[in-house]
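Each remark here refers to the structure printed beneath this line.
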Amino acid sequence: MDNFLLAVNAVMPFIVYIGIGMLLVRFRFATREFLQKLNSLAFKAFFPFMMFRNFAGMDLSGGVDVGFVIFSLVFFSVLVALLILVIGKTNLVPQRNQKPVIIQALFRSNSILFAMPLAETLAGNAGTQAASFLVAAMVPFYNITAVVVLESYNGERSSLPVLLKKIITNPLIIGAIIGTIYVLLPFRLPGFIMKPVNAVADMTTPLALIILGGTLQFTSFRKHIRQLSAVVLLKLVVIPGIVLLLLTLFSFTKAQDLALFAIYATPVAVSSYTMAANMGGDADLAGEIVALTTASSLLTIFLWILVIA
């Protein structure tokens, strides 16, 4: 029962936010078109604050296990390369604008809001510290890779300088860069600045989920059932299982093992929908993936905890 309540407490707030968005449109407090415009605002103005806060708040004073971070980044790189070869370079997913959506969905988890609390539950403070190191090391790669993948399949041919410019000027990357610089500075911003920064950052995920709920179209769920079923199975069951098997071959600590597992066993990042909607990906499919992996994780997180506890 405790394990089930853990899964419920992690997942249900997200489902409630999505439900609020659905009700706003259902009772005509907002239109789908308005929420799509609001989604663009959230991407450009709200997500940078969230990324800044996430990076500015990282505490790396306890040192970093370089071997563990390298292993994590190598696994991530191999996973992305395989996804690009299997999905991006074949006709397995025929529609071009769906390829980057599925690729990023399979490598990009909701690390801050799901993985870190799950790691803490599974391994206590040691799990939190290990997850913090991983998030600090991997989230920049998540976002840069997501931008590259989305730009590569948006139908426009970009030269390397143009692509680099798009990466550097991406709102999420800007927030991450500023947050990283801030961590290295010898001073902290005063409270009257950080308070509104934190307030805007706190609003970002609920706002994105409300927008997602209001823009979901259930008629397209049936159209995308094959893609959705495959993504849920791979994202929440197959890839976490591979991570666990690989970790048995190495002598990392239990907390490190559970932290990396938590990174890959949690639902797709909410920002993947926002980025897809603003960068030429299939926004409907991206939103459905976020919603379905979030709902499905209620069961899969519970079952995984039973397996590894």
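Of the residues in the range 1-32, how many are at pLDDT below 90, more than 20 Å from the chain's Cα centre (by Cα) and part of a helix (DSSP H, G or I)?
Selection size over the range 1-32: 5.
What pairs can you find where one residue is in the range 111-138 and of a type in the set (D, E), the other is surrounded by fewer than 22 Cβ atoms within 10 Å (Cβ to Cβ), and their Cβ atoms are less than 8 Å apart, with a gap of 6+ or different chains?
Note: pairs meeting the criteria are E120/T128.
For a quick check of your reading of the model, give me the residue pairs whose first member lies in the range 70-95 and is within 23 Å of Q227 (Cβ to Cβ), whose second is among the aromatic types (F, W, Y), with beta-carbon atoms closer than 7 Å and at least 6 apart or on different chains.
Hits for this filter: F76/F107; F76/F141; L79/F107; V80/F107; L83/F107.
Surrounded by fewer than 23 Cβ atoms within 10 Å (Cβ to Cβ) and assigned to a helix (DSSP H, G or I): is that true of K44 in this structure?
yes
Kindly indicate which of I301, I263, I308 is under 14 Å from V237 (Cβ atoms) and buried (at least 24 other Cβ atoms within 10 Å of the Cβ).
Criteria check complete, one pass: I301.
For the range 174-212, which residues satisfy the criterion of being more than 30 Å from L24 (Cα to Cα) and in contact (Cβ under 8 Å) with a residue 60 or more places away in the chain?
I174, A176, I178, G179, T180, Y182, V183, listed by residue number.
The values are calculated or read from the model by the stated rules, or taken from the named source; none is laboratory data. Since this is a predicted model, take the numbers as computed values, not measurements. Positions of Cβ are generated from backbone atoms using ideal geometry, with glycine treated the same way; all protein chains shown enter the neighbour counts.
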